[in-house]
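All of the numbers you see were taken from the coordinates with simple rules; none came from a lab. What you see is a predicted model; the values in this text were computed from it and never measured. Counting neighbours? That spans all protein chains shown, and the Cβs are built from the backbone with ideal geometry, glycine included.
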Amino acid sequence: MPIIIISADVREIEESIAQKVADEMGYNLMNRRILADIAAKHQIDPGRLNEIMGTTPSLFKKMSARQWRRNLACVEAEVLDHLLAGNIVCQGLAAHLYVTGISHVMNVRILSGNSRCIKDIVEKKGLSLQKAEKCRAAELQHRKKWSLAAYVCDETDLSRYDLVINLDQIDPVEAVKTITGAAEYRKFQVMTYSMKCLADLALAAKVNAKLLDSMPSIKVQARDGSVVVITKALNRQKRKKIATIKELASTVDGVSYVEVHVKNNILAS
Amino acid sequence: MANQPLKIMLIDDENIVGKRLKPALEKTGDIVETFEEGKKALARFDETPFDIVVTDIRMENIDGIEILEQVLAKSGRTKVIIITGYATVEIAREALSKGAFDFIAKPFKPADLRGIIQRASKELRSGFLHTT
């Protein structure tokens, strides 16, 4: 059965729709509650893990870009591992940005509607209409900036999604019906090819998380247990780096072969 | 009926694919016919329907999606399995939407295809196989 990833421009709406879709379909809901388990497994402070889902690295927050990236990689690896089980509605874990190229994953974007959101801000924060508009624009800009920093893709680009629902036109009950109805389409059903793609993506993410423990700037691809790691190093460090990567990557379950491509790190030299 | 061999049609313009897969699929006692041209395969299908059609997508004259559509128009109960070296999400979704039973990217192990055929066979066995 398909996997449904729901994201929205307003967190509360995203949570509410995802919960209703999961209930309607009898699927498990995977959301930020999973972060506590991930934090324990990877020995990361749970609060910090929650924080990285919405913030970019900053000296003020004592979070280096390397730590931030490594923590995101741990979340990505665990989320992908859970998705292999199928029958899941996923929300709040940025999966819409890294679970790509899988035909049985339906990526849904909910647009909460500008007027509704601004009205909410005015009511909740007691701001003037003008200030609420600015506040909303800043929030959208922040999310766009985060998605670009974390996964080099713009979450506000609607062409990324399989289904986009505007709550200004479709009410939440209709939205849930639309999503569950679309999930029944044959095109979103599991097939051998899509399961293999998901397994490859999950394995690459596991290796990536493992390697980011000890080195920055790597790119990992996987296919049928064979893993290709692309990295940069000074010429004199190439051999050592290749050996380290092969040793570390081989410890990941499911890896049968590791190939390392090292590009010359001109900047470091 | 339950023990009757399956009739499998294998279409791929690369001769090596048929040569490699035919013996692997015949191991289970099923009857396998291979074709390198889609048109000839469809003409053969008109003479006698098959339980399972395994077809490549990218072929000259007629592509795998067209074969899928024509086969299902002739025999709704035939299971069509798509194999391709040019798999994309879009093509995979199109194939499934148009009624493909499964979709697998090349290269694959013959055992992978046998696994899919086994699943197709289970569904078919609940009905009747095509008689020779």
The range B:7-125, Cα convex hull volume normalised per residue, Å³:
92
Just need log10 I(q)/I(0) for the range A:69-158 at q = 0.20, 0.21, 0.23 Å⁻¹, Debye formula, equal scatterers on the alpha-carbon atoms, no solvent, rounded to two decimals.
-1.00, -1.05, -1.14
Applying the Karplus parametrisation 6.51 cos²θ - 1.76 cosθ + 1.60 with θ = phi - 60° to the phi angles of the range B:103-114, what ³J(HN,Hα) value in whole Hz is obtained for each residue in order, glycine and proline being reported as x?
9, 9, 8, 7, x, 9, 8, x, 4, 5, 5, 4
Provide A:His96, A:His261 in ascending order of the number of other Cβ atoms located within 10 Å of each residue's Cβ, fewest first.
A:His261, A:His96
Chain A: longest stretch without exposed trypsin sites (Lys or Arg not before Pro) (DSSP loop, at most 13 other Cβ within 10 Å), sites themselves excluded?
A:63-269
I need the fraction of alpha carbon pairs in chain A separated by more than 26 Å, rounded to a whole percent.
48
What are the principal axis extents of the Cα atoms in the range A:1-105, in Å, biggest first?
43, 26, 25
For chain A, modelled as a GNM with alpha-carbon contacts under 10 angstrom, which of A:Ile34, A:Ile165, A:Ile17 fluctuates the most?
A:Ile34
Cα convex hull of the range A:174-257 - mean projected area over all directions, nm²
7.5
Stokes-Einstein, Kirkwood over Cα pairs, the range A:214-264, 10 °C, 1.306 mPa s; D in µm²/s equals 144
Within a 10 angstrom radius of the beta carbon, how do A:Val173, A:Val164, A:Val220 rank from fewest other beta carbons to most?
A:Val173, A:Val164, A:Val220
A:Thr178 and B:Asn15 label points (each 7 Å along its Cα→Cβ direction) are spaced in nm at 5.4
Residue order, fewest to most surrounding Cβ atoms within 10 angstrom, among B:Glu123, A:Glu78, B:Glu36:
B:Glu123, B:Glu36, A:Glu78
Which entries of A:Lys210/A:Lys232; A:Lys144/B:Lys98; B:Lys7/B:Lys106 have Cα-Cα distances beyond 25 Å here?
A:Lys144/B:Lys98
